[in-house]
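**Student:** Would you mind keeping the following structure in view while I ask a few things?
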Amino acid sequence: MPNIKRNLSTHELDHLLEPSSLGNSTTESTNLKEDTEPDGSSSSSSSLALEENSSLDINRNDFIRNYEYDDSLLSRISRFFDGPVPPVEPTVTPIFKSIQYFPQTLSKRWPSHIKTLVICIFLSGWAFIFYQLAIHSILETPLVNGNPIPLLTCSATPAVWVGKNQYCGLNGEECGASELKEFFFKCPASCKEDSYTWSDTAVGPINSIYRPYVIGGNNTYRADSFICAAGLHHGISGDRTGFTGRIVFKGPHNNFLNTTAGSGIESLPFDSVFPYSYSFDDDFKNNYTVSGGRDLRFTIIWFNIVMSLIFGYFVQNGTVFFWTFSVLGFWTVVLASNPPLTLYELFAAELVSVGFRRFLPYMFGCYVIYMSSLKNQHTNLKASLTRSVLWVGGFWVSVLENYTFSALPVNRLTISDINKQRGGWITVISIAGFILFAAFGQAYIIWRLGKFKKYISVYILFIAGLAILANLDHQTLRIHHYIIGLILLPGVGFKTTPSLLFSGLLFGLYVSGVARWDFDSIVQTEAQLNRGDAMNIGGLPELVTPLFEYSNITGPAENQLADIIVTWKNSLSAEDAEFRDMWNGYSLIVNDVEQYRGNETSFSLKDLVESDTWNIDPKPKERKVYVRLAFANLHPSAYLHTGDYTKAGTIYLDEERWTKPSPGPS
């Protein structure tokens with residue numbers, strides 16, 4: 001017999017020397033599967049030779065002479081990570097056995113062609129109803145008196161107001177609010193949660209972030225307020241089904257009040273003049289005929305959940321189960337729960353186009369997940385009830401993450417975002433603790449299977465790769481939804497009760513991540529991650545005390561002030577080469593609207609303050625002007641046109657007083 005060397009534990013020796021083991025070539029071949037003959041053949045041939053030998057007096061000492069026993073610390077640790085002998089196959093803990101195994105019993109009674117026919121009919125009917133609901137919801141063009149109207153997002157409306165600071169040009173004249181008299185619209189459902197600003201947005205002396213962007217109340221709102229959120233604040237019902245409406249532009253307004261409406265949205269105040277405002281037409285439903293104005297996303301979501309629970313309970317074919325949920329989850333996100341874009345009249349066609357553009361690479365990712373992680377879990381899985389409740393339930397929790405996780409104070413897993421949100425670090429630590437707890441449980445399952453070394457090697461490579469990416473210059477590591485799923489799914493693809501829940505959750509994250517955001521890069525630049533926050537590049541100019549100029553005309557005090565000149569330090573002089581190489585001018589914001597762009601170092605407020613825009617009733621008790629300043633590049637082809645703005649400095653017109661801005665960008 002050839003000299004076969006292997007490090008074995010005492011427990012393994014005892015097991016191998018049992019009579020049943022010596023008489024069973026299959027068992028011995030399994031336990032000695034790592035041994036090979038010098039010519040490459042399996043050591044099972046040696047086992048057969050032993051069985052054919054007429055003298056089977058193999059005692060413990062003879063066996064040890066053919067196997068080298070190493071009892072060093074490292075060897076014991078290595079044998080420990082090999083797992084138990086024999087390996088323990090994981091199983092799902094059965095509950096309510098009669099219900100748990102009823103679909104399997106039912107399946108045995110029906111021939112294959114009948115089961116195939118029933119599945120085809122069920123899926124066809126499901127798909128047909130899903131499609132009919134979609135075309136009467138998000139795919140239907142909303143009409144008012146037969147004319148199409150735009151479907152808005154819950155955030156900014158470019159047709160009315162493009163964006164903050166300089167984006168609407170001087171005095172806001174490049175935005176629709178300066179020309180429009182009225183504007184018809186349709187808002188989607190769930191705008192209360194989706195109308196937040198995700199970057200610091202200046203509203204006079206304060207910043208708005210992580211709250212609905214609504215400024216004003218009593219049916220008078222600043223023109224840059226998000227229309228759908230303002231509609232909910234005003235009292236238009238429809239956050240569950242969407243709503244249509246009409247706004248009427250009212251021109252400049254003074255002193256926007258903050259109120260809290262029945263919808264729970266608290267508006268922001270603004271105690272000065274803004275050049276454009278709007279109000280909602282309260283008689284809209286009485287004066288106009290509307291079709292296609294409902295958003296049936298929640299009807300679609302609940303219909304798909306109910307159908308999927310039924311399907312997940314009765315279907316026995318793991319392949320059919322997996323691919324059905326792959327297709328279902330993707331199109332539920334695209335057409336109902338979290339559509340990836342909104343493009344006015346061409347919205348439906350563009351949405352379907354974007355969906356199919358992402359669908360093919362998404363399905364390839366599903367194939368990789370199925371073959372590497374979930375195939376063995378769903379093949380011959382008898383626990384139908386557990387799968388339907390835990391896997392399907394976990395799947396929907398993650399697919400609908402924009403609802404299920406919306407209350408968590410973490411929007412993106414980036415250091416800057418976590419720092420900004422109150423409770424962000426507590427939430428992240430709690431989630432990490434849950435993942436760690438689940439990881440220990442899954443590691444135990446893997447260890448009992450005897451595959452711990454294999455899996456730990458894979459995850460060490462994953463961690464090393466992430467560490468390398470995290471240290472790339474000028475890049476930020478971004479762990480997107482789909483990446484979390486791809487990384488963790490291989491470790492949960494087992495037939496146990498917890499594994500079914502975890503794999504459903506993780507696969508749902510992959511589905512929702514790709515369907516909504518596509519395969520976004522795992523590393524991104526700071527500019528790519530920026531959602532309108534200060535870039536902290538190019539420096540900040542310095543506002544100085546304004547000049548108050550007086551006339552010789554006698555009369556009321558308010559008429560003696562002839563001019564107010566906003567001034568700032570000349571930071572583009574020859575000695576300031578750092579700024580001069582990047583910028584050649586300035587941008588001045590007055591009351592959150594750009595009023596000057598050029599290379600001067602002062603700006604007169606006389607024409608602005610004396611204009612009709614500012615002399616409107618009711619006049620505030622205390623007239624204020626909020627000014628902010630940024631460097632600018634005046635070349636039309638410049639890559640970066642405007643730098644970061646300062647925080648707001650306040651000019652008190654009646655008191656002829658100035659409060660300088662706080663340090664840092666706004």
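The values are calculated or read from the model by the stated rules, or taken from the named source; none is laboratory data. Because the structure is predicted, anything quoted here is derived from the model rather than measured. No Cβ is skipped: glycine too gets one built from the backbone with ideal geometry, and neighbour counts run over all protein chains shown.
**Student:** Determine whether residue 597 is in contact with a Gly (Cβ under 7 Å, 6 or more places away or on another chain), at pLDDT 90 or above, of a type in the set (Lys, Arg) and surrounded by 14 or more Cβ atoms within 10 Å (Cβ to Cβ).
**Tutor:** Yes; evaluated as a whole, the condition is true for this residue.
**Student:** Here's something else I'd like to know. Taking the range 497-527 as the search range and keeping residues that are in contact with a Ser or Thr (Cβ under 8 Å, 6 or more places away or on another chain) and surrounded by fewer than 22 Cβ atoms within 10 Å (Cβ to Cβ), which one is nearest to residue 631 (Cα to Cα)?
**Tutor:** Only one residue tops the list, namely 526.
**Student:** Still on this model: Considering only the range 477-494, state which residues are in contact with a Leu (Cβ under 6 Å, 6 or more places away or on another chain) and not aliphatic (A, V, I, L, M).
**Tutor:** Once the filter is applied, which keeps residues that are in contact with a Leu (Cβ under 6 Å, 6 or more places away or on another chain) and not aliphatic (A, V, I, L, M), the range 477-494 yields 481, 485, 493.
**Student:** Are there any pairs with C-beta distances below 8 angstrom linking a residue in the range 636-660 that is in contact (Cβ under 8 Å) with a residue 12 or more places away in the chain and surrounded by fewer than 16 Cβ atoms within 10 Å (Cβ to Cβ) to a residue that is among the small types (Gly, Ala, Ser) and in a loop (DSSP other than H, G, I, E, B), with the two at least 6 apart or on different chains, and if so which?
**Tutor:** 640/538
**Student:** Let me ask you something else. So which pairs qualify, if the first residue must be in the range 525-550 and without any contact (Cβ under 8 Å) to a residue 12 or more places away in the chain, the second must be outside any loop (DSSP other than H, G, I, E, B) and surrounded by 13 or more Cβ atoms within 10 Å (Cβ to Cβ), the Cβ gap must be under 9 Å, and the two must be at least 6 apart or on different chains?
**Tutor:** As it stands, the answer is 528/476, since those pairs meet every condition given.
**Student:** So which residues in the range 126-143 are in contact with a strand residue (DSSP E or B) (Cβ under 6 Å, 6 or more places away or on another chain) and of a type outside the set (A, V, I, L, M), if there are any at all?
**Tutor:** Matches in the range 126-143: 141, 142.
**Student:** Would you pick out the residues in the range 577-594 that are at pLDDT below 90 and either touching a Cys at 6+ places or on another chain (Cβ under 7 Å) or surrounded by fewer than 19 Cβ atoms within 10 Å (Cβ to Cβ) (or both)?
**Tutor:** Result: 577, 578, 579, 580, 581, 582, 584.
**Student:** Within the range 445-480, which residues are charged (D, E, K, R), free of Cβ contacts under 8 Å to residues at least 12 places away in the same chain and either assigned to a loop (DSSP other than H, G, I, E, B) or buried (at least 16 other Cβ atoms within 10 Å of the Cβ) (or both)?
**Tutor:** Scanning the range 445-480 gives a single hit, 473.
**Student:** Look at residue 384 and say whether it is farther than 27 Å from residue 477 by Cα, of a type in the set (Ser, Thr, Tyr) and surrounded by 17 or more Cβ atoms within 10 Å (Cβ to Cβ).
**Tutor:** Yes, satisfied.
**Student:** Given the residues 235, 262, 245, which is the only one that is touching a residue at least 40 places away in the same chain (Cβ under 8 Å) and not polar (S, T, N, Q)?
**Tutor:** The match here is 245.
**Student:** Oh, and also: If you check residue 388 against the conditions, is it within 15 Å of residue 501 (Cα to Cα), in contact (Cβ under 8 Å) with a residue 60 or more places away in the chain and part of a helix (DSSP H, G or I)?
**Tutor:** When the stated conditions are applied, residue 388 passes them.
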